[in-house]
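First the structure, in the form of structure tokens, and then the observations on it.
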Amino acid sequence: MAFVTRENITDQVLEVFEKTPNPRLREVMQSLVSHLHAFIREVEPSDPEFELACEFLVGLGKATSEKKNEVILASDILGASTLITLINNVKRAEAAGKMKTESALLGPFWRKNAPHYANGSNISRGPESNTSDQVFEVSGYVRDANGNPINGADVDIWQASPLGFYENQDEEQPDMNLRGQFKTDAHGKFNFKSVRPSGYPVPVDGPCGDLLRSQLRDPYRPAHVHYMISKPGYQVLITQVFADDDHRLHTDVTFSVVESLVGKFKKRTSPGEVGYSLEYDFVLQAGEMQFPAPPIP
Ligand SMILES: [Fe+2]
């Protein structure tokens with residue numbers, strides 16, 4: 001190899017990577033370095049700017065704890081998580097044909113092993129359960145790509161409170177509050193009671209918060225419910241359904257709101273009824289059931 005120059009360094013790095021035995025790792029790392037070097041040549045970071053970038057990355061790790069995953073948050077607010085989700089959506093739809101449900105990013109708040117409940121149960125067990133005007137009845141059908149009901153699918157739900165906090169962020173809420181796992185019946189149906197979630201700001205006490213402030217960005221997400229739906233023989237569907245009356249549908253800080261995932265949060269108007277209801281149906285694609293790593297324990 002020749003001595004390193006500003007002109008040849010990219011080719012030198014790519015050549016060294018050539019002998020990587022794993023072809024996918026070789027492809028990914030060569031592409032990463034090509035784009036990284038092109039970015040550096042375009043931006044020409046100063047030494048203090050480079051130090052700041054390193055500090056930001058170290059800060060992501062330091063701000064990550066059992067309560068919060070700042071690395072995933074960074075990926076979310078850069079639009080990277082949603083872009084990956086949308087690319088994989090297209091692959092899934094091409095593979096499967098007509099019917100599909102769009103995915104949405106997992107986010108930093110999914111916890112494994114939420115309590116199992118019978119259909120119709122209430123997942124609101126904290127002080128928020130007194131906010132009776134926020135009563136929330138949620139139901140849906142889970143079907144395969146041909147429209148047949150899927151019996152015995154696991155529907156894992158997590159959502160924020162009417163104050164906009166997940167239970168792990170809020171001392172007032174009991175452990176695993178506003179989280180639950182349900183099973184679909186023979187018609188593919190599941191249903192549960194809860195309280196209407198509120199939109200919320202992503203955590204802004206770490207480096208992601210510093211970045212958002214320096215970009216004058218609104219840190220809020222519109223109100224939504226998270227769903228993870230699974231059954232052996234089908235790909236795990238991870239998605240979110242957004243409140244159609246939320247004024248932040250077009251300014252989600254994580255860029256997650258695709259049109260098909262906006263659900264009708266219907267005001268209940270029958271005598272004696274208060275609150276809202278949401279009916280939203282889901283389609284699972286055949287394939288391997290593979291769960292993500294939980295961002296927090
Ligand atoms: Fe969320």
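Computed from the coordinates by the stated procedures, all read-outs in this text should not be read as laboratory data. What you are looking at is a predicted structure, and each value in this text was computed from that prediction instead of being measured. Here Cβ is always computed from backbone atoms with ideal geometry, including for glycine, and neighbour counts include all displayed protein chains.
Close amide H partners of residue 191, meaning residues 5 or more places away or on another chain with modelled amide H under 5 Å apart, are 120.
Give me the number: length gained by fully extending residue 50 to residue 293, i.e. 0.36 nm times residue separation minus the C-alpha to C-alpha distance, one decimal in nm. Between residue 50 and residue 293, full extension yields an extra 84.4 nm. Applying the Karplus relation 6.51 cos²θ - 1.76 cosθ + 1.60 with θ = phi - 60° to the stretch 271-277 yields 3J(HN,Hα) values of x, x, 9, 10, x, 9, 10 Hz, where x marks Gly and Pro. Using the Cβ-Cβ distance between residue 78 and residue 148 with R0 set to 41 Å, the FRET efficiency works out to roughly 0.60. Nearest 10 degrees, 0 to 90: what angle lies between the long axis of helix 47-62 and the longest principal axis of the chain (Cα atoms)? Once rounded, the angle reads 40 degrees. Please identify the trypsin sites (Lys or Arg not before Pro) of the stretch 6-70 that satisfy two criteria: DSSP loop assignment and at most 12 other Cβ atoms within 10 Å. Which are they? Answer in residue order: 6, 19.
Which whole-number percent gives the relative contact order of the stretch 116-210, counting Cα pairs below 8 Å spaced six or more residues apart? Once divided by the residue count of the stretch 116-210, the mean separation gives 43 percent. Between 118, 243, 160, the residue with the greatest mean-square fluctuation in the GNM of the chain (Cα pairs under 10 Å linked by springs) is 118. Taking the Cα centre of the stretch 1-133 as reference, the dipole from Cβ charges on Lys and Arg (+1) and Asp and Glu (-1) amounts to some 940 debye. Contact order for the chain, expressed relative to its length and based on alpha carbon pairs under 8 Å spaced 6+ residues apart, stands at 21 percent. Set Lys and Arg Cβ to +1 and Asp and Glu Cβ to -1, take the dipole of the chain about its Cα centre, and tell me which of 166, 219, 116 lies farthest positive. About the Cα centre, the residue reaching furthest to the positive side is 116. Taking GluC sites (Glu not before Pro) in DSSP loop conformation with at most 10 other Cβ atoms inside 10 Å as exposed sites, the chain has its longest uninterrupted site-free stretch at 172-287. The loop-placed trypsin sites (Lys or Arg not before Pro) in the stretch 137-217, going by DSSP, that have at most 15 neighbouring Cβ atoms within 10 Å of their Cβ come out as 217.
Restricting attention to the stretch 74-284, the count of lysine pairs at 8 or more positions apart or across chains with alpha carbons under 24 Å apart stands at 26. Each residue of the stretch 136-150 was assigned a 3J(HN,Hα) from its phi angle through the Karplus curve 6.51 cos²θ - 1.76 cosθ + 1.60 (θ = phi - 60°); the sequence is 9, 9, 10, 8, x, 10, 10, 10, 8, 5, 9, x, 7, x, 9 Hz, with glycine and proline shown as x. The magnitude of the dipole of the stretch 74-284, with charges of +1 and -1 set on the Cβ of Lys/Arg and Asp/Glu and taken from the Cα centre, is near 600 debye.
Residue-wise HN-Hα couplings along the stretch 152-169, as the Karplus relation 6.51 cos²θ - 1.76 cosθ + 1.60 with θ = phi - 60° gives them from phi, are x, 6, 8, 10, 9, 10, 8, 8, 7, 7, x, 8, x, 10, 6, 4, 6, 9 Hz; Gly and Pro carry x. Put a dot 7 Å past the Cα of residue 31, heading toward its Cβ, do the same for residue 9, and the two dots end up 2.4 nm apart. Of the beta bridges in the chain, as assigned by DSSP with both residues counted there, near 75 percent are antiparallel.
A simple spin-label model places pseudo-atoms 7 Å from Cα toward Cβ; at residue 17 and residue 279 they are separated by 5.1 nm. Springs between Cα atoms under 10 Å define the GNM used for the chain, and in it the highest mean-square fluctuation of 175, 156, 252 occurs at 175. Of the options 232, 14, 63, report the single residue whose Cα projects farthest towards the positive end of the charge dipole of the chain (beta-carbon charges: Lys, Arg +1; Asp, Glu -1). After comparing all options, I get 232. Helix-only arithmetic for the chain: the sum of -39500 (n - 2.57) across DSSP H runs with n ≥ 4, divided by the residue total, places the mean residue ellipticity at 222 nm at -8500 deg cm²/dmol.
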